[in-house]
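Q: Encoded as structure tokens, here's the structure I'll be asking about.
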Amino acid sequence: MSVDAPTRRAVPSAAAAGAGNATKARPRRAAGRRLGPGRPVPYGWAVGPTLLFALWVAGAAAGLIDPRALPAPWTVAATASDLIAEGRLQEHLFTSAQRAVLGLLFGVAAGLLLALVSGLSRGGEAVVDGPVQIKRAIPSLALIPLLILWFGIGETMKVVTIALGVFVPVYIHTHNGLRAIDNRYAELAETVRLTRAAFIRQVVLPGALPGFLLGMRFAVTAAWLALAVVEQVNATSGIGYMMELARTYGQTDVILVGLVVYGLLGLVSDGLVRLVERRALSWRRTLAG
């Protein structure tokens, strides 16, 4: 008993000493200004557009903006209300959304498939990557004259033009995400004898997801950009057609209604992709928070 008692007293003392040394060895955060961007601003995505709208309102109210060049917000709102009451805006919006969704679906499917073929096979990369890079250097809108000769001026030409603008960013960023996967995961999959399908499902697709979602943000913007152009090429419906018709009659307020609709569609679609990105990649710790 006389030997064990000092020993029992010495053990807590050693543990306390070890804890003290660990506390001293633990790096402390340096005092002063943080280097990161800080916490996200609530509804930060709306701050910039709100400031632009406030400047527009203030300039129109003060008479600093010529209403013939840029009508006041309340004039644009009244025009939008009239278009909604007549049903014209909803009709054009439905047509535009249908074209954009179809082009987006075909473009995303093509970009993802080509990225998998090129990213998982050296032979596939040799065949696919070169033509895609050539297409990347050629603006999709520059292909419109050729597409008109091939497909006419109907809906097929418009959807194909949108799809061509969409598939390149999806391919580029998904392919880059595939190539950035750590090779040790492939070696581990070979060690545990994963099948090709299981390897793609459990390693490739999760590893390429960040790149794919980044490509989707560029893709939705490219879809609305291509849509705005093709709807002004011998179209008979759509937001772009409405704007082109308004240009003919000098209706600046209708043109602004179309621009606001395009802007809201782009903002909402990008916000949806960002929401999916935050949910799907919640495990990442980045400066974005």
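Q: Could you give the alpha-carbon Rg of segment 210-289 over 2.2 N^0.38 Å, rounded to two decimals? Don't jump to the answer; show the numbers that get you there.
A: Numbers: Rg = 16.6 Å, N = 80, 2.2 N^0.38 = 11.6 Å.
Against the empirical 2.2 N^0.38 Å value, I get 1.43 for segment 210-289.
Q: L272 versus R122, label points 7 Å from Cα toward the beta carbon: distance in nm?
A: Placing both labels 7 Å along Cα→Cβ, they lie 4.1 nm apart.
Q: Given an 8 Å cut-off on Cα distances and at least 6 residues of separation, report the relative contact order of segment 92-278 as a percent. Could the numbers behind the result be given before it?
A: Numbers: 212 pairs, mean separation 50.9, N = 187.
Result for segment 92-278 is 27 percent.
Q: Using only the Cα atoms, what convex hull volume per residue in Å³ does segment 92-278 have? Don't jump to the answer; show the numbers that get you there.
A: Values: hull volume 22.3 nm³, N = 187.
Given the Cα convex hull of segment 92-278, per-residue volume reads 119 Å³.
Q: Quick one: if you stick a label point 7 Å off each Cα along the C-beta vector at R201 and I138, how many nm between them?
A: 3.9 nm
Q: Work out the length of the dipole vector of segment 92-278 about its Cα centre, built from +1 on the beta-carbon of each Lys and Arg and -1 on the beta-carbon of each Asp and Glu, and round it to the nearest 20 debye. The partial results should precede the final answer.
A: Numbers: 14 positive and 11 negative charges, 75 e Å.
Rounded to the nearest 20 debye, it is 360 debye.
Q: Within 10 Å of each candidate Cβ there may be at most 15 other Cβ atoms; applying that plus a DSSP loop requirement, which GluC sites (Glu not before Pro) in segment 135-195 survive?
A: On the way: sites: E155, E187, E190; in loops: none.
When the GluC sites (Glu not before Pro) of segment 135-195 are filtered for loop state and at most 15 Cβ neighbours within 10 Å, nothing remains.
Q: Give the whole-number value, in cubic angstrom per residue, of the convex hull volume spanned by the C-alpha atoms of segment 139-189. Can you show the working numbers first?
A: On the way: hull volume 4.5 nm³, N = 51.
Taking the convex hull of the Cα positions in segment 139-189, it is 88 Å³ per residue.
Q: Can you give the FRET efficiency to the nearest 0.05 for L52 and L194, using r as the Cβ-Cβ distance and R₀ = 30 Å?
A: Details: r = 51 Å, r/R0 = 1.71.
With R0 = 30 Å, the Cβ-Cβ based efficiency is 0.05.
Q: Could you calculate the contour length gain from T236 to A280, that is, 0.36 nm times the residue separation minus the distance between their Cα atoms, to one decimal place in nm?
A: Numbers: separation 44, 0.36 × 44 = 15.84 nm, distance 3.98 nm.
Difference between extended and current length: 11.9 nm.
Rule-based calculations on the coordinates, nothing more; no lab input. Computed from a prediction, not measured in an experiment: that's the story for all the values here. So basically every Cβ, Gly included, is an ideal-geometry build from the backbone, and we count neighbours across all protein chains shown.
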